[in-house]
Amino acid sequence: MSKVTAGFSMSLDGFVADEDDGVDLVFKWYSIGDSTAEVEAGNATFSMSAGGAAYIEEAGRGAGVLVSARRTFDLANAWGGRHPMDVPIVVLTHSPPGEWVGKEGSPFTFVTDGVQSAIAKAREIAADKDVVVGAPSVTKECLKLGLLDEIHVDLVPVLLGSGVRLFEQVGEPIELVVSSASGNPHVTHLTYRVVK
């Protein structure tokens, strides 16, 4: 059965974006190192270390669909119509954007009736592949509802001091088990299984 996972690059003090929603510092590890490999991601190509490229490609192999929030969708300008993961995207929203609803070739499915419905729709689309949650607000709700199976954190050696926190106000304590840990001087890759 497929898993519901969440994955984020995060500062040591727990932020996935700065106060202006900037992510340059938390994604800096993408372009640090020997830059001997290129990774195609949606409409962009990243030059990164061979190890970083292998990690990104491996992480993307199991993904069948991405679940996002409308805020993230808007901040990313709908990723130009093609997310870097290049998979279908379920967007949780109160009001679907008219320019994308029913648009031919659109990778977006808009869900208006809550996180549980969004995850159910994503599972349907993903089939036997994983559902990847890519918005902090949706991740928090999935944790509260017991829908999340795994969390990936790419921990970067920077302190942002303020911004968008990933795990703020998740409610009751949630126990995790470390599944894997690896890294280099620029990033530590951590995977946790959510204990249910």
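Structure values in brief
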quantity	calculated
Residue that is surrounded by 16 or more Cβ atoms within 10 Å (Cβ to Cβ), modelled with pLDDT of 95 or more and in a strand (DSSP E or B), where the choices are 155, 160	155
Search result, residues across region 142-152 that are assigned to a loop (DSSP other than H, G, I, E, B) and within 23 Å of residue 55 (Cα to Cα)	148, 149
Selection within region 169-196 - part of a loop (DSSP other than H, G, I, E, B) and free of Cβ contacts under 8 Å to residues at least 40 places away in the same chain	169, 170, 171, 172, 173, 174, 175, 185, 195
Single condition residue 184 does not satisfy, out of (1) more than 28 Å from residue 32 (Cβ to Cβ); (2) in contact with a helix residue (DSSP H, G or I) (Cβ under 7 Å, 6 or more places away or on another chain); (3) not small (Gly, Ala, Ser)	(1)
Meets criteria (over 19 Å from residue 8 (Cβ atoms), among the aliphatic types (A, V, I, L, M), at pLDDT below 95 and outside any helix (DSSP H, G or I)) for residue 101	yes
Any hit, region 146-157, residues being over 23 Å from residue 2 (Cα atoms) and more than 14 Å from the chain's Cα centre (by Cα)	yes
Residue in region 168-181 that is polar (S, T, N, Q), farther than 22 Å from residue 22 by Cβ, touching a strand residue (DSSP E or B) at 6+ places or on another chain (Cβ under 7 Å) and surrounded by fewer than 16 Cβ atoms within 10 Å (Cβ to Cβ) present	yes
Residue match in region 107-121 (condition: closer than 19 Å to residue 2 by Cα, touching a His at 6+ places or on another chain (Cβ under 7 Å) and of a type outside the set (D, E, K, R))	no
Only listed residue being of a type in the set (Asp, Glu) and free of Cβ contacts under 8 Å to residues at least 40 places away in the same chain, chosen from 150, 141	141
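To keep it simple, each residue is scored yes or no on (1) among the small types (Gly, Ala, Ser); (2) closer than 27 Å to residue 14 by Cα.
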| residue | (1), (2) |
| --- | --- |
| 78 | yes, yes |
| 93 | no, yes |
| 105 | yes, no |
| 120 | yes, no |
| 157 | no, yes |
| 162 | yes, yes |
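The values are calculated or read from the model by the stated rules, or taken from the named source; none is laboratory data. Please read these numbers as outputs of a predicted model, since none were measured by experiment. Note: ideal-geometry Cβ built from the backbone for every residue, glycine included; neighbour counts use all protein chains shown.
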